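The values are calculated or read from the model by the stated rules, or taken from the named source; none is laboratory data. Being a predicted model, the structure only gives us computed values, none of them experimental. Don't worry about glycine lacking a Cβ; one is built from the backbone with ideal geometry, like all the others, and counts go over all protein chains shown.
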Amino acid sequence: MAEYENRQRWDLDAWPEMYGTLKELQALVFLSPPGIEMNMMVFTISSLSSGCRHCQAHGAYGLNSIGMEIGKIEAIWSFEHSDLFDARERAALSFAIAAGSTPSSVTPDHHADLRTHFTDEEARTLLAVVAVGGFMNRYNDALATVTDSESANWAKDNLSPLGWDLGKHTGAQHEQRTGPPGSG
């Protein structure tokens, strides 16, 4: 991965002040209503929309870590056609795909659908999840952040059948981390 030589100088670990502030913002946003499970699904699908495989791996692995069944995590990739999602979840995920794409493809119909299923506070949180996720998607994908082996191996085992691969987030041997950021 010589084309990404010295990327560690730019990663978030090299800027502890920003990384600490970002972790606080993530905690505020992801733990707000409608709740961690919905917010993590929104993060994962908006990461799919943006194309960041690193964030897709972390989002899906995070959902598994909080107890979501693997079948439902895999179904996120085709939620529109899965009976594992109710109308509320579909509204959030449809909005997240539209809001996570560039340019944004959010329509008045997305807003109306959110209003049917979510309070203003919850809808605001869903947008904040996409926005914070958008920062992470852009930063990690542009940098080709190396995905930790725990998240990467889980994603390879569970998401590869869906067409997912680690791509440029593999990294050289000296760049490898065992667990996700903040895990020790």
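Criterion applied to Glu37, Glu24, Glu80 was being among the charged types (D, E, K, R), over 26 Å from Thr170 (Cα atoms), outside any loop (DSSP other than H, G, I, E, B) and under 16 Å from the mean Cα position of the chain (by Cα), and the one residue passing it is Glu37.
When the range 68-87 is filtered for residues that are in contact (Cβ under 8 Å) with a residue 40 or more places away in the chain and surrounded by 15 or more Cβ atoms within 10 Å (Cβ to Cβ), the ones remaining, listed by number, are Ile73, Glu74, Trp77. Do you know which residues across the range 155-171 are assigned to a helix (DSSP H, G or I) and either closer than 10 Å to Arg53 by Cβ or in contact with a Lys or Arg (Cβ under 9 Å, 6 or more places away or on another chain) (or both)? Within the range 155-171, Ala155, Leu159, Gly167, Lys168, His169 meet the criteria. Residues in the range 68-102 that are polar (S, T, N, Q) and within 18 Å of Leu127 (Cα to Cα): Ser94, Ser101, Thr102.
Among the residues that make up the range 100-107, is at least one of them under 29 Å from Ala14 (Cα atoms), in contact with a helix residue (DSSP H, G or I) (Cβ under 8 Å, 6 or more places away or on another chain) and either surrounded by 14 or more Cβ atoms within 10 Å (Cβ to Cβ) or aromatic (Phe, Trp, Tyr) (or both)? So far as the range 100-107 goes, yes, one or more of its residues are under 29 Å from Ala14 (Cα atoms), in contact with a helix residue (DSSP H, G or I) (Cβ under 8 Å, 6 or more places away or on another chain) and either surrounded by 14 or more Cβ atoms within 10 Å (Cβ to Cβ) or aromatic (Phe, Trp, Tyr) (or both).
Taking the criterion of being part of a helix (DSSP H, G or I) and either surrounded by fewer than 24 Cβ atoms within 10 Å (Cβ to Cβ) or among the charged types (D, E, K, R) (or both), the residues of the range 49-60 that qualify are Ser49, Ser50, Arg53.
When the test is whether a residue is in a helix (DSSP H, G or I), modelled with pLDDT under 95 and crowded, with 19+ Cβ neighbours inside 10 Å, Ala152 passes it. Each residue in the range 83-118 was checked for being of a type in the set (S, T, N, Q), closer than 24 Å to Leu162 by Cα and in a helix (DSSP H, G or I), and 1 of them qualify. Among the residues making up the range 132-144, those that are touching a residue at least 12 places away in the same chain (Cβ under 8 Å) and over 10 Å from the mean Cα position of the chain (by Cα) are Phe135, Arg138, Tyr139, Asn140, Asp141, Leu143, Ala144.
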